[in-house]
Amino acid sequence: FKEPTGRLISAAYTVAPDGSDLRCIIPYEWNNSHYDWRNATQIMSTTRYQAGDKWLHVLLTDGKDDHRVIAPDLLASDGHGHFSPDGVWMVSDSYPRGAERMQSFYLVHVDTDRGYEAAQFHQPREFKGPWRCDQHPRWNRDGTQVCFDSLHEGERQLYVIDISDIVEFS
């Protein structure tokens, strides 16, 4: 819902397929934004974890109080996280930042929090508000490529990054 100031407020809930066992997993005070299921029990949400100032990517197990911030030094803003098919890796993005309006593309090993900014893309100034283009990175089925939306060449296009060519973690 929106507050009278126009600020959007949201929470996240899970429920069993039969409608029972309704649980709040991200309270309104934290403000839920984007999410992705890692597997049948774990979910990641971008949220103002513990009602803090920063948007963080938080992993939790449905039905447990085991919230863990993923790569907090790297993923310290709202983004659109998406897990690799095996759940080992996560890609995410950022909204345009700075005078150059650069959007970042991140690759993170979920269990170790090791990751890096794999690329940056410029979003032209004329694309703001309802005309903006969020990257929404998402994996292909075999986990070798990620596609994303972008305006960095002046029009909305779909791009593909070959993840198999990115530096391996040791």
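The values are calculated or read from the model by the stated rules, or taken from the named source; none is laboratory data. All figures in this text were calculated on a predicted structure; none of them were measured in a lab. Neighbour counts are summed over all protein chains in view; Cβ atoms, including those assigned to glycine, are modelled from backbone coordinates with ideal geometry. Keep in mind that these areas ignore ligands, DNA and RNA; they rest on the heavy atoms of the full protein, side chains included. Shrake-Rupley method; radii C 1.70, N 1.55, O 1.52, S 1.80 Å.
Of the residues that make up region 94-101, is at least one under 19 Å from Gln123 (Cβ atoms), of a type in the set (S, T, N, Q) and out of contact with any Lys or Arg (no Cβ under 9 Å at 6 or more places or on another chain)?
First pass over region 94-101, keeping only residues under 19 Å from Gln123 (Cβ atoms): 94-101.
Subsequent filtering for residues that are of a type in the set (S, T, N, Q) retains 94.
Right, trim to out of contact with any Lys or Arg (no Cβ under 9 Å at 6 or more places or on another chain) and you get 94.
Yes, that holds for at least one residue.
Determine, yes or no, whether Tyr35 is at pLDDT below 95, open to solvent by 60 Å² or more (accessible area, probe 1.4 Å) and among the hydroxyl-bearing types (Ser, Thr, Tyr).
Numbers: at pLDDT below 95: no; open to solvent by 60 Å² or more (accessible area, probe 1.4 Å): yes; among the hydroxyl-bearing types (Ser, Thr, Tyr): yes.
Against the criterion (at pLDDT below 95, open to solvent by 60 Å² or more (accessible area, probe 1.4 Å) and among the hydroxyl-bearing types (Ser, Thr, Tyr)), Tyr35 does not qualify.
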Checklist entry - Can you name every residue in region 55-67 that is surrounded by fewer than 19 Cβ atoms within 10 Å (Cβ to Cβ) and out of contact with any Asp or Glu (no Cβ under 9 Å at 6 or more places or on another chain)? => result Thr61, Asp62, Lys64, Asp65, Asp66, His67
Item to check | strands (runs of 3 or more DSSP E) (entirely within region 79-147) containing at least 1 residues that are free of Cβ contacts under 8 Å to residues at least 40 places away in the same chain | outcome: 102-109, 114-122
Checklist entry - Within region 119-170, restricting attention to residues that are surrounded by 10 or more Cβ atoms within 10 Å (Cβ to Cβ), out of contact with any Cys (no Cβ under 7 Å at 6 or more places or on another chain) and of a type in the set (A, V, I, L, M), which residue is modelled with the highest pLDDT? => result Val146
Checklist entry - When you look at Arg97, is it in contact with a His (Cβ under 9 Å, 6 or more places away or on another chain) and within 30 Å of Gly154 (Cα to Cα), yes or no? => result no
Next on the checklist: Given the condition in contact (Cβ under 8 Å) with a residue 24 or more places away in the chain, farther than 16 Å from Val108 by Cα and among the aromatic types (Phe, Trp, Tyr), answer yes or no: does some residue in region 52-62 qualify?
Outcome noted: yes
